[in-house]
Amino acid sequence: MSVLVVGLSHRTADLRTLERVAVTQGELPKMLHELQSCPDVDEVMLLSTCNRIEVCAVVETFHGGLTAVSSVLAHKAGVEPAKLYDNLYVHYAAAAVEHVFSVASGLDSMVVGESQILGQVRAAYAEARTIGTVGSVLHGLIQTTLRVGKRVHTETGLGALGASVVSEALADAGELAGSSAVIVGAGSMGALAASQLRQAGVGRVVIANRTLDNARRLATSLAEQGIEAEAIGVDGLGGALAAADVAVCCTGSQDVVVRADHVRPRRAERPLVICDLGLPRDVDPLITDIAGVRIVDLESVRRRMDSAAAEGSDTVSAAKQTARASGIVLDEVREYLAGQRSAEVTPTVTALRKQAAEVVDAELLRLDRRLPELDGDVRDELGRTVRRVVDKLLHAPTVRVKQLAADPAATDYASALRELFGLDPSAPAAMSAPATQPAKHDQIDVHNQADGDVSE
C-alpha cells in the first residue's frame, strides 16, 4: 500500500470550484467514512482550508485509489468526475510524501511561509483519528510531517515574516490605525484576524458570532491587550457594519452570513472594506453593487500574490529562506523513505530469525531423544551455546540487509532473503500482522504538540 494525495487548491482551481468542494466541520465524518468505504482506500484524512481541499489516503492501488477519491470529490461538487479532473492535483508514493511535507511547511500556501497550515494539518489528523479513519501508515506519516513543519519554521526565517492570508487581505484594506473593525466568526481564523487588527492599530473591534460565548472570549482577550472590544450575535451585524471601516469575515458556515440587507451605501470619503475569507464565501456577492463598499476575497488575495510573484517583489531574504526550507523538506523526504524501505525488510528478517530458532529447537529435541541420559545442566549449556552461535551468524547479515534496503536503488533484499533461506512467502506478513487484526476504524494514540490551528 502507498500514500495518495488528491486535492484542489488556489493553484489549480478558482474560488467557485473550491467552494463547491469545500467540506465543513459537520460534513467531515460522513465524507471520511464515504472515502474509507471505497474498496481501494484503507486509511484517509481530509484537509479543508480557506484555499485547499486535499485528501491524503493510504491506497492499495494507484488507479483504484485515484478513481475512488476523485469520484467522492466530484460527488461533493455535484459534477461528473471528468469535469473535475482539470482542477485536481495528484501525488503518489514518494511524491505524495514530499507534497505533504511541503504543505505543512507552508511552501505550497498562497502566502508562502505562513505557519497556520501546520496547525490545520494537526487538526485534520486529529479529526480523522477521532472519527477512526487513521491507521499506522498515516499515523507515522503525519507525526513526521508535523515534526518537519516545525523544523522548517524553527530553522528558517519564513515564520518570522508573519505573513498570512489575513494579513495580505488587510493590506488591501489600506490604513487601519484608529479605525473601527468587525470580525465575523470567533474561531481560529477570527483570532488571527483579531491579532492582525490589533497590530494594525485599530481603535475598536466588534466580534459577531452565532455562539455569543465564543465571541465574548475573543473580545475579552482583545480587551486585555488594550483594545476596545464588544461581542454581539450575528443578528446585530447590520448596526455593527454601519459603524465599521473594515470587516473580516471568516466563519465555517455553508451559507452566506453577511447579507446585502446588512450593508448600507457609504460615502466615498468613508468606504467600507469587507474581507471575505470564508470557504464557502461568507458574504453575499450582491454587496459588490452597493456604493462605497468593496469586497476583498480569496480570489483577489490570490491575484495580489500572483502579481507580486510575477514582479519579483519577494525579498532576497525570503527567497533564501524558501530555498533553505525546500532543502530541509527534501532531506526529510529522503530520510523518511529510507526508513520506510528499511522497515519493509524487517518482517522478513523476523521470519528468518524465527525459522532459525525453530531449527535450533528441533535439533535440541533430537539430541534429547538420542541422548536421554544427558545431564540437564549440560543440555542447557549446549542449548545456550547453539543459540549464541546462530544469533552471531545472523546478526551481521540481518543488520546489514536493513542498511542496504534503505538505498532507493537497492535490490529487493526481502525477496532475496526469502529465496536464499526458503522462507514461506506468507511468513513475513504473519510477522508484521497483529495477533488480532484491528478493525478498519481502530484509533491510534498520538502525542500532539501545541500549535496554532488557524486557516491557511
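Collect the residues in region 312-361 that are under 22 Å from the mean Cα position of the chain (by Cα), of a type in the set (A, V, I, L, M, F, W, C) and at pLDDT 85 or above, keeping them in residue-number order. Write out each step before concluding.
In the first step, residues of region 312-361 are kept if they are under 22 Å from the mean Cα position of the chain (by Cα); the result is 321-340.
Filter once more, keeping what is of a type in the set (A, V, I, L, M, F, W, C): 323, 325, 328-330, 333, 337-338.
Answer for region 312-361, where residues must be under 22 Å from the mean Cα position of the chain (by Cα), of a type in the set (A, V, I, L, M, F, W, C) and at pLDDT 85 or above: A323, A325, I328, V329, L330, V333, L337.
Please note which helices (runs of 4 or more DSSP H) are completely contained in region 68-167 and include at least 1 residues that are within 17 Å of L18 (Cβ to Cβ) and in contact with a helix residue (DSSP H, G or I) (Cβ under 7 Å, 6 or more places away or on another chain). Give the derivation first.
Numbers: elements: 81-84, 94-104, 116-131, 136-155.
By residue number, 81-84, 94-104, 116-131.
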Any hit, region 91-106, residues being at pLDDT 95 or above, over 17 Å from the mean Cα position of the chain (by Cα) and not β-branched (V, I, T): no
Return the total of residues in region 184-214 being within 11 Å of G252 (Cβ to Cβ) and surrounded by fewer than 18 Cβ atoms within 10 Å (Cβ to Cβ). 1
Considering only strands (runs of 3 or more DSSP E) wholly within region 168-244, the ones with at least 2 residues that are at pLDDT below 95 are none
In region 162-195, anything of a type in the set (S, T, Y) and in contact (Cβ under 8 Å) with a residue 40 or more places away in the chain is listed as S164, S167, S179, S180, S188
Taking the residues in region 384-398 that are loosely packed, with under 11 Cβ neighbours inside 10 Å and of a type outside the set (D, E, K, R) as candidates, determine which candidate is nearest to G339 (Cα to Cα). A396
Given the criterion of a type in the set (A, V, I, L, M), surrounded by 23 or more Cβ atoms within 10 Å (Cβ to Cβ), more than 16 Å from A128 (Cα to Cα) and touching a residue at least 40 places away in the same chain (Cβ under 8 Å), identify the matching residue among V69, V6, V44, V55. V6
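Given the residues A231, A308, A260, A242, which is the only one that is more than 28 Å from S48 (Cβ to Cβ) and either surrounded by 13 or more Cβ atoms within 10 Å (Cβ to Cβ) or of a type in the set (A, V, I, L, M) (or both)? Give the derivation first.
Details: A231 fails: more than 28 Å from S48 (Cβ to Cβ); A308 fails: more than 28 Å from S48 (Cβ to Cβ); A260 fails: more than 28 Å from S48 (Cβ to Cβ).
After ruling out the rest, the residue left standing is A242.
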Does L277 count as of a type in the set (A, V, I, L, M, F, W, C), in contact (Cβ under 8 Å) with a residue 12 or more places away in the chain and surrounded by 23 or more Cβ atoms within 10 Å (Cβ to Cβ)? yes
Go through (1) closer than 26 Å to D276 by Cα; (2) among the β-branched types (V, I, T); (3) free of Cβ contacts under 8 Å to residues at least 60 places away in the same chain for T12 and report which single condition fails. (3)
Top-ranked residue in region 182-228 [being of a type in the set (D, E, K, R) and in contact with a strand residue (DSSP E or B) (Cβ under 7 Å, 6 or more places away or on another chain); ranked as farthest from S48 (Cα to Cα)]: E228
E155: among the acidic types (D, E) and crowded, with 23+ Cβ neighbours inside 10 Å, yes or no? no
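The values are calculated or read from the model by the stated rules, or taken from the named source; none is laboratory data. As the structure is a prediction and not an experimental result, all values here were calculated from the model. Neighbour counts run over all protein chains shown; Cβ positions are idealised from the backbone, glycine included.
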